[in-house]
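This report concerns only the one structure given below.
The values are calculated or read from the model by the stated rules, or taken from the named source; none is laboratory data. It should be emphasised that the depicted structure is a prediction, and the values quoted were computed from it without experimental measurement. Here the Cβ positions follow ideal geometry from the backbone for every residue, glycine too, while neighbour counts run over all protein chains shown.
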Amino acid sequence: MIKLPDNVNENNRQGGTQVYVPGSYNPETKESEMMWVGGYQEGQTPGDIYGFLAEGLFTEAELNSDEFAYRIDRSTTSTFGVSAPPVLYGPKAWAALENKGSALPIQPGDVKWKDVNGDGIIDDYDKVKLGNSVPKWTGGFFLDFSWKGLTLSGRFDYALGYKVVDLASPQIMGCAQGTFNTIANVADMYDPATGAYKNMYGQYTWADQLGKRNICRAWSSVFTYEGSYLCAREISLSYALPKSLLKHIKVEKANIFVSGQNLGYLTKAGMLGSPEYGANYWGVYTLPRVLIFGGNITF
């Protein structure tokens, strides 16, 4: 963004959010430097995505170390829509609590979120840039091949160089509603028996273990994907009947065809619904896949 109307905000900012400057915590003053990101402001790119960065899942040895035993997680952003989810405490901080109330302990298999400013506390300002939601390149192309009466044609479009955020999958994987079927990704979630997991997925529990936000943490790297895709918008195969056959039935031209529309995406985005720019973060129904059979006759 080069120039915006003058206003009272720094960089003529419109909207946006505050995050910590990495490594800025001063243990003497117990303060950290802040900066405004996102929204529209001079010197920044519209469409930047900020969220929590998962650095792995906690092991028991890590939680017993001095670095994490006293960690506190006061973040409030959740896809549950809960305004005040429970505070999470490392083992020693948890043991020191006199009134645990609704607080929850951080345990092996819980997600290890990046502590941006290094103060030992995870809160809503511990977010990093995860990418940008606006494709750098978009376009399409058409292919057409013919051979001995057969014609194969295809129409494709693509978008490259951007990120998409999936907020629908964590709702389902975290059993946020508690009443719906789940999806295949739960097979990659943390296994407490073996410690195995994929894609930074925490343990599979009802209601995301009542608010730990391992899965249902809105805007995190766990459910942010490279959105680039190639879509097979339409592929058709037709056959023109030979004129030597048609002349006996007094037909000038005739062909038959089969056409498939919205056949799918070639993409790394492991999200529900469409990876296309502008699709709803909460998941949308993709365009219906259509198969058409037909023919044309000219007398």
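Numbers for the structure displayed
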read-out: Test result for residue 235, surrounded by fewer than 19 Cβ atoms within 10 Å (Cβ to Cβ), on the phi < 0 side of the Ramachandran plot, without any contact (Cβ under 8 Å) to a residue 60 or more places away in the chain and assigned to a strand (DSSP E or B); value: no
read-out: Condition met for residue 250 (basic (Lys, Arg) and free of Cβ contacts under 8 Å to residues at least 12 places away in the same chain); value: no
read-out: Failed criterion for residue 166 (all others in (1) surrounded by 12 or more Cβ atoms within 10 Å (Cβ to Cβ); (2) without any contact (Cβ under 8 Å) to a residue 40 or more places away in the chain; (3) at negative phi hold); value: (2)
read-out: Strands (runs of 3 or more DSSP E) wholly inside the range 132-230 that include at least 1 residues being out of contact with any Ser or Thr (no Cβ under 6 Å at 6 or more places or on another chain), of a type in the set (A, V, I, L, M) and more than 29 Å from residue 103 (Cβ to Cβ); value: 137-147, 150-160, 163-165
read-out: Hits in the range 206-233 (condition: modelled with pLDDT under 85 and within 16 Å of residue 108 (Cβ to Cβ)); value: 209
read-out: Cβ-Cβ under 7 Å pairs, at least 6 apart or on other chains, the range 94-109 side closer than 18 Å to residue 121 by Cβ, far side of a type in the set (D, E, K, R) and part of a loop (DSSP other than H, G, I, E, B); value: 104/212; 106/71
read-out: Test: residue in the range 208-224 that is of a type outside the set (Phe, Trp, Tyr), surrounded by fewer than 16 Cβ atoms within 10 Å (Cβ to Cβ) and either touching a residue at least 40 places away in the same chain (Cβ under 8 Å) or not assigned by TED's automatic domain parsing to the domain that holds residue 160 (or both); value: yes
read-out: Residues that are surrounded by 15 or more Cβ atoms within 10 Å (Cβ to Cβ), in contact with a Lys or Arg (Cβ under 9 Å, 6 or more places away or on another chain) and not polar (S, T, N, Q), drawn from the range 238-262; value: 240, 241, 246, 260
read-out: Hits in the range 116-137 (condition: over 16 Å from residue 44 (Cα atoms) and among the hydrophobic types (A, V, I, L, M, F, W, C)); value: 116, 121, 122, 137
read-out: Scope the range 30-64; condition more than 27 Å from the chain's Cα centre (by Cα), in a loop (DSSP other than H, G, I, E, B) and either modelled with pLDDT of 95 or more or charged (D, E, K, R) (or both); matching residues; value: 30, 32, 33
